[in-house]
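Worksheet: one structure, shown below.
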Amino acid sequence: MNQQPSHQTSIYTDQVIVIWDILVRLCHWGLVAAFITNYFIVEPGRQIHEIVGYIATVLVAVRLFWGFTRTKASLASFKHIDLSKRAFKTHLSELKERRVNPEHGHNPFGWLMVYLVVVLLLGLGVTGFLMEEIDALFGNSTLEWIHSIMADVLYASVIVHVIAVFCVQHRGRVQLIRPMLVGKRQVEKTAASKTSR
Ligand code: HEM
Ligand code: HEM
C-alpha cells in the first residue's frame, strides 16, 4: 500500500481498466490447453496430436492478424511493441520501485514471449505438417528432432514465463493474471488529495 504523509489524506477510488479483449484471452488459454494436450497428454503420432497442433497454429495466426489490425487504442495491437533498451530499463526500474504502470499491457519481456511462441508454434506446425503430409519426408528423423527440440524449448519458455508472471505481479504490485482471465484490471487511483492541516 502507498504510504501517505501524516498531514495528508488521499481519496482513492478503484478504477477498472480493460486490458485484454476476449480474442487475446481465448487465444492465450487455447494455446495453453493445446500445448499441455500435445506435450503431456496425447501420444505423438496420433491423429488427435495433429488436430490439436493445427488448432494451436491457427490460434497463433488469428492472434497475429488481430495484433496487426488493431488500432493503438487496443493494448493487443503490435503497435505497442517496444523492445528498445529504454523500454527494458524503464520496466526494470518500475520493478525496482515496486510500481509497474497498471495502464500498460505487455512489458518488453511479455512481448518477447509473444515472439517466442509465434516462432516456436509456427515451427511446430510446419515441421509437423512436413513429417505427416509430405511422403518424401514421412518419419524424417531430422525433422522429428527439430520438432521435439522446438517443443522442449517452448516448454522451458513456458516455465520461465509463468514464474515471471507471478514475480512481476508480486514485485510490481500489478494484477496480471486477472486481466488474462476476465479482461479487466482493478487499479487503485488517487482521485484527489486533501491536506488536513
Ligand atoms: C503453454 C503455456 C503458455 C503459453 C504458450 C503462454 C503464452 C503466452 C503468450 C504468447 C502471451 C502473450 C499474449 C498475447 O499478447 O496474445 C502470454 C501472456 C500471459 N500469460 Fe501466458 N502462456 C502460457 C501459460 C500461462 C499460464 C499457466 C499462466 C498463468 C499463470 C499465464 C499467464 C499469462 C499472463 C498473466 C499473461 C499476460 C502478461 C502481461 O500482462 O504482460 N500463461 N502468455
Ligand atoms: C502444440 C504444438 C505441438 C507440440 C507441443 C508438439 C509436441 C510434440 C512432441 C513433444 C513430440 C515427441 C518428439 C519426440 O519424439 O521426442 C512430437 C512428435 C510428433 N509431432 Fe508434434 N507437436 C505439436 C504440433 C504438431 C503438429 C501440428 C503436427 C502435424 C501434423 C505434429 C506432428 C508430430 C509427429 C508426426 C511427431 C512424431 C510422432 C512419432 O514419433 O511417431 N505435431 N510432437
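No value in this document is a laboratory result; all are computed from the given coordinates. In this text the structure is predicted, and so the values were computed from the model without any measurement. As a convention, Cβ positions derive from the backbone with ideal geometry for all residues, glycine included, and neighbour counts pool all protein chains shown.
Per-structure values
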quantity	calculated
Selection status of Leu137, buried (at least 16 other Cβ atoms within 10 Å of the Cβ) and over 13 Å from the mean Cα position of the chain (by Cα)	no
Output for segment 56-94, where each listed residue is closer than 22 Å to Ile159 by Cα and surrounded by fewer than 17 Cβ atoms within 10 Å (Cβ to Cβ)	Leu83, Phe88, Leu92
Residue count, segment 154-181 (criterion: touching a residue at least 60 places away in the same chain (Cβ under 8 Å) and either of a type outside the set (Gly, Ala, Ser) or within 16 Å of ligand 2 (Cβ to nearest atom) (or both))	11
Within segment 9-49, tally of residues that are within 11 Å of ligand 2 (Cβ to nearest atom), in contact with a helix residue (DSSP H, G or I) (Cβ under 6 Å, 6 or more places away or on another chain) and of a type outside the set (Ser, Thr, Tyr)	6
